[in-house]
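**Student:** Provided herewith is a single structure, encoded as structure tokens, for subsequent inquiry.
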Amino acid sequence: MPETALEQLDRGESRRWKALVFIALAQLMVVLDATIVNIALPSAQTDLGISDANRQWVVTAYALAFGGLLLFGGRIADLWGRKRTFVTGLAGFAFASALGGSAQNEAMMFGARALQGLFGALLAPAALSLLAVMFTDAKERAKAFGIYGAIAGGGGAVGLILGGFLTEYLNWRWTFFVNIPFAIVAAAGAFFVIREPAGGRNRSPLDIPGVVLSTLGLVSLVYGFTRAETHGWSNPSTYGLFIASAVLLLTFVAVESRVKHPLLPLRVVADRNRGGVYASLGLAVIAMFGLFLFLTYYLQVVKGFSPVKTGFAFLPMIAGMITGSTQIGARLMTRIPPRLLMGPGFLVGATGMLILTQLQVDSSYAGLILPAQLLLGLGMGTAFMPAMSLATLGVEARDAGVASAMVNTSQQVGGAIGTALLNTIAASATTAYIADHAAGATNAQLLQAQAMVNGYTHAIWWAVGILLISSTLAFTLVNTGVPGAGSAQASGGGAGLGKDAGVEDEVQVPVVAH
């Protein structure tokens, strides 16, 4: 007997939720990779004979390819189809991971990491844009983005646990090989389950000048912050890269405002709400990278935790993020405006950071670090979830790829800034502390530990301030109403969330009421 309309609807809903499992699995793989390799880096460096001067390229090669090609990857998803781009990204990421795990020298390792970044730049925006076009009902969207937000926020900490286990009990090569089963399962599931809505592709010609300018501009920006960390902010090559990035990106904006089929339609970023999300999310990621960086060093170097124990020490933050994202953000997103989740969420996260400014060499994990992590996880999970959803809400389906790529770009650039800026602040404070206290010190080892903690707390104070700015931006720029409250009342301040003029055959997701 032929299926009834109700049976077809039920089957479609079931397929969407199955698809979410595989999309979330792919996202977890990409987020894990950002931290799991850091745990394995010392072992890989020794094994492959990578010099101290070159070891940064294990991280930098990935960051440059991923950050520089995200907009291009998002546009390819719109042009080629999100499902096809998603599966291709997974297959390529698995191949690059196999290459990295099999690396016999530093050149092979650097090449594998660059390939991972390239395919990650295809995969990440395709995954987020699939969610954007598949989950259009407000309540379904809230649940889907709650799960996605929890993974995006907590996956890095999971990487610390998994990386510690693999490095300590197997071999550093398994931090690469572990991606292969993730990718195979996600690709097979996506191939059979994902059904991309018809009519959502952007088949206009590729904007080659835009691709070149955006890629070179973003690569210069990310590499500039990487150079600042290793060579200092006053180094000519550092500010030369920043100047080049500014010129390239300004030229990119000028080109995009004039070409008929831009790589990044300016309506995507000019909207007040999406612009507020990109800015506040990028700043929040700066602070988050500060936490991961300094708390990892504090637990391992100062407290003497093993890699595995350090990973487990981050579990309360993961629990907080999952709770904030799925139990607070997802439940309230259809009842209150996003700014009333994002703004307070960043404030709660800042409170958690504020507790960490009291860190001492002999601080109690249960008395100080545990409550700080719980607050930070709850706050960031609550804020990230509506931010991820709002960044693609109301955008034309044909622009969903580049809108999603902008989310990833703000996070990637934020991560690069966070690592370089906060690490520089911490290093300067550590050096100054040693200079001030060296004369009266009787225990050189204790002095070094105290200096390191002093550096961490100085940088964490900056992270507190950055989260307060994120909260302020969320409260002031994000002025859209409750998602799904009705499109008839949509009006000023969020024009970009509605129908963009002059575009035909678009597939719209719900318009937000103001």
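The values are calculated or read from the model by the stated rules, or taken from the named source; none is laboratory data. Quantities reported herein were computed from a predicted structural model and do not represent experimental measurements. Here Cβ is always computed from backbone atoms with ideal geometry, including for glycine, and neighbour counts include all displayed protein chains.
**Student:** Hey, among the residues in segment 340-389 that are within 19 Å of the chain's Cα centre (by Cα) and of a type in the set (S, T, N, Q), which one's farthest from Ala144 (Cα to Cα)?
**Tutor:** Gln373
**Student:** With respect to Ile286, determine if the residue is more than 21 Å from the chain's Cα centre (by Cα) and closer than 19 Å to Ala463 by Cα.
**Tutor:** No; evaluated as a whole, the condition is false for this residue.
**Student:** When segment 346-364 is examined, which residues are found to be assigned to a helix (DSSP H, G or I) and in contact (Cβ under 8 Å) with a residue 60 or more places away in the chain?
**Tutor:** If we filter segment 346-364 for residues that are assigned to a helix (DSSP H, G or I), which is where we start, we get 346-356.
Of everything in segment 346-364, those that are assigned to a helix (DSSP H, G or I) and in contact (Cβ under 8 Å) with a residue 60 or more places away in the chain turn out to be Phe346, Leu347, Gly349, Ala350, Met353, Leu354, Leu356.
**Student:** Going by the conditions given, is Ala107 closer than 30 Å to Glu196 by Cβ, small (Gly, Ala, Ser) and in a helix (DSSP H, G or I)? Full working, then the answer.
**Tutor:** Details: closer than 30 Å to Glu196 by Cβ: no; small (Gly, Ala, Ser): yes; in a helix (DSSP H, G or I): yes.
Answer is no for this residue.
**Student:** Does at least one position in segment 441-451 carry a residue that is surrounded by 18 or more Cβ atoms within 10 Å (Cβ to Cβ), under 16 Å from Ile425 (Cβ atoms) and either at pLDDT 65 or above or out of contact with any Gly (no Cβ under 7 Å at 6 or more places or on another chain) (or both)?
**Tutor:** yes
**Student:** Determine which member of the set Leu32, Leu41 is surrounded by fewer than 22 Cβ atoms within 10 Å (Cβ to Cβ) and under 26 Å from Val301 (Cα atoms).
**Tutor:** Working: Leu32 fails: surrounded by fewer than 22 Cβ atoms within 10 Å (Cβ to Cβ).
Unique residue meeting the criteria: Leu41.
**Student:** Just one of Val185, Val211, Val219 is in a helix (DSSP H, G or I), β-branched (Val, Ile, Thr), surrounded by fewer than 20 Cβ atoms within 10 Å (Cβ to Cβ) and outside the structural domain of Gly101 (by TED's automatic domain parsing); which is it? Outline the logic, then answer.
**Tutor:** Working: Val185 fails: outside the structural domain of Gly101 (by TED's automatic domain parsing); Val219 fails: surrounded by fewer than 20 Cβ atoms within 10 Å (Cβ to Cβ).
Unique residue meeting the criteria: Val211.
**Student:** With the requirement that a residue be in contact with a Ser or Thr (Cβ under 9 Å, 6 or more places away or on another chain), over 26 Å from Leu473 (Cβ atoms) and of a type outside the set (A, V, I, L, M), what does segment 363-401 give you?
**Tutor:** Within segment 363-401, Arg398 is the sole residue that qualifies.
**Student:** Can you name the number of the only condition in (1) part of a helix (DSSP H, G or I); (2) surrounded by fewer than 17 Cβ atoms within 10 Å (Cβ to Cβ); (3) touching a residue at least 24 places away in the same chain (Cβ under 8 Å); (4) not acidic (Asp, Glu) that Asn54 fails?
**Tutor:** (1)
**Student:** Can we say Gly282 is assigned by TED's automatic domain parsing to the domain that holds Ile466 and touching a Lys or Arg at 6+ places or on another chain (Cβ under 9 Å)? Reasoning before the result, please.
**Tutor:** Values: assigned by TED's automatic domain parsing to the domain that holds Ile466: yes; touching a Lys or Arg at 6+ places or on another chain (Cβ under 9 Å): no.
When the stated conditions are applied, Gly282 does not pass them.
**Student:** Oh, and also: Between Ala429, Ala403, which is assigned to a helix (DSSP H, G or I) and either under 24 Å from Gly465 (Cβ atoms) or of a type in the set (Ser, Thr, Tyr) (or both)? First the steps, then the outcome.
**Tutor:** Working: Ala403 fails: either under 24 Å from Gly465 (Cβ atoms) or of a type in the set (Ser, Thr, Tyr) (or both).
Within the list Ala429, Ala403, the selection yields Ala429.
**Student:** Just checking, does segment 98-115 include any residue being surrounded by fewer than 24 Cβ atoms within 10 Å (Cβ to Cβ) and under 20 Å from the mean Cα position of the chain (by Cα)?
**Tutor:** Within segment 98-115, the subset surrounded by fewer than 24 Cβ atoms within 10 Å (Cβ to Cβ) is 98-99, 101-108, 110-112, 114-115.
Narrowing further to those that are under 20 Å from the mean Cα position of the chain (by Cα): 114-115.
The answer is yes, given that some residue of segment 98-115 is surrounded by fewer than 24 Cβ atoms within 10 Å (Cβ to Cβ) and under 20 Å from the mean Cα position of the chain (by Cα).
**Student:** Taking the condition surrounded by fewer than 24 Cβ atoms within 10 Å (Cβ to Cβ), more than 30 Å from Ile336 (Cβ to Cβ) and among the hydroxyl-bearing types (Ser, Thr, Tyr), does Thr88 pass? Can you show your working first?
**Tutor:** Values: surrounded by fewer than 24 Cβ atoms within 10 Å (Cβ to Cβ): yes; more than 30 Å from Ile336 (Cβ to Cβ): yes; among the hydroxyl-bearing types (Ser, Thr, Tyr): yes.
Criteria met by Thr88.
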